[in-house]
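> Quick one: this structure, given as structure tokens, is what I'll be asking you about.
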Amino acid sequence: MRAIKLAKPGGLHNLQLVEVAATAPQHDQIQVRNHASSLNFHDYVVASGLLPVDDGRIPMSDGAGIVEAIGPAVTEFSPGDRVMSCFFPHWASGRADTLAKISGIPGDNVDGFAAETVTMPAAAFTSMPDDYSFEQAATLPCAAATAWRALFVEAQVQPGDTVLVQGSGGVSVFALQFAKAAGCNVVATSSSEEKLATLQELGADQLINYREHENWGDKTLAITDNRGVDVIIEVGGSGTLAQSVRAIAMGGHISMIGVLTGIQGEVPTAELFQKNAVISGITVGSRASQQDMVKAINATGLEPVIDRSFDLAELADAFRLQESQQHLGKICLSF
Ligand SMILES: NC(=O)c1ccc[n+]([C@@H]2O[C@H](COP(=O)([O-])OP(=O)(O)OC[C@H]3O[C@@H](n4cnc5c(N)ncnc54)[C@H](OP(=O)(O)O)[C@@H]3O)[C@@H](O)[C@H]2O)c1
């Protein structure tokens, strides 16, 4: 079968298409004919060599395909089932209260889904949404599961709440879609007028160009009658947090998810406590949370926004598109 391996020290030029043998499933494992994957910022950090991994690691955290064979201890899945990966194979449910729960990330700590066949424990998968293609399902395990947890597990949004999403990447577009499906108002920000128009078509109620409005926190207050927003999907990190603290409403919730602008910066502490706001750190979500998300997708018919798909052999080109930040929503691999 075909797979992509990343040679040390990483870098997109070190992604190599290779032939490797599939392994038969043992004990609690299933063998999955993998048909799709999708790109996340985490995968980019691995592929570009910024996050060192073992020599020859097969990258990509997300995958979706058909169960081909099962080990003798597997009861949950049968050959023919359509499954998708979990970002954290060891986090079944509850809080992320041990490091062990958030270890074993496919494509980082263990081989991932840039491969036509994978063999992993059954607990590393859930069922896919009923009517999804493999490509659609492969957009969910990292980006959508993160948006889901931020909104419904941590912030516990209610219909009528106002949610601000930063930019038009994978996590933010899913957060916009989930928030609208839950009856929330959405303020969307982007660096591009064209992308803002698309975000409006996807349901965003108010739009802010964060390039034009560097102090978009003040702009948010201005368009919300000085109240601010109840929930913020914070993917910018150090460069955007101060604006988020300005934009958040009294008692609001900032879901700290991303580091697109870097990992260190100033925190306006007094403004934060004066607002009685909560910041919660988020690492994707548990398997149980993913199963809840799948139920909601089956009920709402929500469809992921896929910008473009590439063949497995074109993984480096797919990362170059991601690097350019020209995409909106998800970039996929289909094979
Ligand atoms: N903690 C977790 O569990 C978790 C899970 C998933 C992702 N993440 C993190 O979340 C971040 C986003 O991930 P992703 O997969 O959605 O990335 P992505 O698809 O690559 O998102 C890129 C988009 O982010 C927007 N952006 C960049 N700089 C921005 C800024 N200063 N302010 C607002 N928006 C900005 C841009 O949107 P426009 O072009 O519209 O401006 C850009 O196109 C990454 O840092 C990733 O590591 C964390």
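> By the gyration tensor of its Cα atoms, with a ≥ b ≥ c the square roots of the eigenvalues, what is the shape of segment 144-281: rounded for a/c under 1.5, prolate for a/b over b/c, or oblate?
Rounded shape, in that the Cα axes give a/c under 1.5.
> Beyond a 24 Å Cα-Cα separation, which of these cross-linked pairs lie in this structure: LYS5/LYS195; LYS180/LYS330; LYS295/LYS330; LYS5/LYS330?
With Cα atoms farther than 24 Å apart: LYS5/LYS195.
> Give me the Debye-computed log₁₀ of I(q)/I(0) at q = 0.09, 0.16 Å⁻¹ for the chain, equal point scatterers on Cα only, no solvent, two decimals.
-0.46, -1.36
> Let me ask you something else. For the chain, what is the calculated [θ] at 222 nm in deg cm²/dmol (nearest 500), taking -39500 (n - 2.57) for each run of four or more DSSP H residues and dividing by its residue count? All intermediate terms of the calculation are to be shown ahead of the outcome.
Working: 10 runs with 81 residues, N = 335.
The per-residue figure over the chain is -6500 deg cm²/dmol.
> Once you keep just the Cα pairs under 8 angstrom separated by 6 or more residues, what percentage relative contact order results for segment 144-281?
Details: 287 pairs, mean separation 28.3, N = 138.
Averaging sequence separation for qualifying contacts and normalising by length gives 21 percent for segment 144-281.
> With every protein chain kept in place and ligands, DNA and RNA left out, what is the accessible area per residue of the chain? Probe 1.4 Å, answer in Å².
Numbers: 13920 Å² over 335 residues.
So the chain comes to 42 Å² accessible per residue, rounded to a whole number.
> Continuing with the same structure: For segment 184-228, list log₁₀ I(q)/I(0) at each q in 0.21, 0.22, 0.28 Å⁻¹, using the Debye formula over Cα point scatterers of equal strength and ignoring solvent, two decimals each.
Those come out to -0.65, -0.71, -1.01, one per q.
> To continue, here is another question. Restricting to DSSP loop positions (anything but H, G, I, E, B) with no more than 16 other Cβ atoms inside 10 Å of their own Cβ, which trypsin sites (Lys or Arg not before Pro) remain in segment 71-117?
Hits after loop and neighbour filter: ARG95.
> Right, something else. I'd like the Karplus ³J(HN,Hα) series for segment 130-140: coefficients 6.51, -1.76, 1.60, θ = phi - 60°, whole numbers in Hz, and an x wherever there's a Gly or Pro.
3, 9, 7, 6, 4, 4, 4, 5, 6, 7, 8
> Of the chain, which part is the longest with no GluC sites (Glu not before Pro) in a loop (DSSP not H, G, I, E, B) and with at most 16 other C-beta atoms within 10 angstrom?
Excluding the exposed sites themselves, the longest stretch runs over 77-211.
> Hey, what do the phi angles of segment 311-327 turn into as Karplus ³J(HN,Hα) couplings, whole Hz, using 6.51/-1.76/1.60 and θ = phi - 60°, x for Gly and Pro?
Result, rounded to whole Hz: 6, 3, 5, 9, 4, 4, 5, 4, 5, 5, 5, 4, 4, 6, 6, 7, 6.
> Separate question: Take the alpha-carbon centre of segment 56-126, take the same for segment 306-335, and report the distance between them in whole Å.
22 Å
> DSSP loop (so not H, G, I, E, B), at most 16 other Cβ within 10 Å: list which trypsin sites (Lys or Arg not before Pro) in segment 160-241 pass both filters.
For trypsin sites (Lys or Arg not before Pro) across segment 160-241 that sit outside H, G, I, E and B with at most 16 neighbouring Cβ atoms in 10 Å, the list reads ARG211, ARG227.
> Summarise the accessible area of segment 191-335 (1.4 Å probe, protein heavy atoms) by the percent that is carbon and sulfur.
The nonpolar share, carbon plus sulfur, comes to 46 percent.
> Provide the three semi-axes, in whole Å and in decreasing order, of the ellipsoid equivalent to segment 207-317 as defined by the square roots of 5 times the Cα gyration tensor eigenvalues.
Values: eigenvalues 173, 74, 51 Å².
Its equivalent ellipsoid spans semi-axes of 29, 19, 16 Å.
> Can you put SER168, SER127 in order of accessible area, largest first, using a 1.4 Å probe?
On the way: SER168 10, SER127 65 Å².
Largest to smallest exposure gives the sequence SER127, SER168.
The values are calculated or read from the model by the stated rules, or taken from the named source; none is laboratory data. Because the structure is a prediction, the values reported are computed rather than measured. Don't worry about glycine lacking a Cβ; one is built from the backbone with ideal geometry, like all the others, and counts go over all protein chains shown. With ligands, DNA and RNA removed, areas are computed over all heavy atoms of the protein, side chains included. Shrake-Rupley method; radii C 1.70, N 1.55, O 1.52, S 1.80 Å.
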